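Nothing in this text is a laboratory measurement; each read-out follows from the coordinates by a stated rule. Note that this is a predicted model, so its numbers are computed, not measured. With ideal geometry, Cβ positions are generated from the backbone for all residues, glycine too; neighbour counts draw on all protein chains shown.
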Amino acid sequence: MPLMFLNGTAMSDGADHHLVGGAPPIARTTTAPRYRFHAVDGRYPALEDVGDGGVAVQGEVYDLSYEQLREVLLPGEPDGLELGVIELADGSGSLAMVLRREYAQLPPLTDISQQASWRTYQEQA
């Protein structure tokens, strides 16, 4: 089963947590410190791999079935994101939704890397 890092509304207690179905949480962790973290039009978060100069972003890792990932979670994701592989704090990899590399219609981005947490951003917004 694929591991999926979630850092937005599909995390536990989030509005879209139902999209993970009954998938068990594996860990609360952070990414490796190589990402910029954005709020896309204030509606959803996006990771951008920048290598040097990035931050560690908070999130949760879930053990999803391929069916849950393919049939439920991915179709529920916004157009500005794409499925990618990220590096976690311990050096391991995980699937995650990342900022689409080329997307002509992407809404405005707000860099929220300083908060490094979607929940913190939401509380401060």
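Per-structure values
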{"read-out": "Helix-only [θ]222 nm of the chain, DSSP H runs n ≥ 4, -39500 (n - 2.57) each, per residue, nearest 500", "value": "-1500 deg cm²/dmol"}
{"read-out": "Karplus-derived HN-Hα couplings along segment 79-96 (A = 6.51, B = -1.76, C = 1.60, θ = phi - 60°), whole Hz, x at Gly and Pro", "value": "4, x, 10, 9, 6, x, 10, 10, 9, 8, 4, 7, x, 7, x, 7, 5, 6"}
{"read-out": "Sorted by Cβ density within 10 Å, fewest first, the residues 18, 38", "value": "18, 38"}
{"read-out": "Contact order relative to length of segment 1-71, as percent, for alpha carbon pairs under 8 angstrom and 6 or more apart", "value": "44"}
{"read-out": "Within the chain, percent of DSSP bridges classed antiparallel, to nearest 5", "value": "90"}
{"read-out": "Dipole magnitude of the chain, debye to nearest 20 (Cβ charges: Lys/Arg +1, Asp/Glu -1, about Cα centre)", "value": "140"}
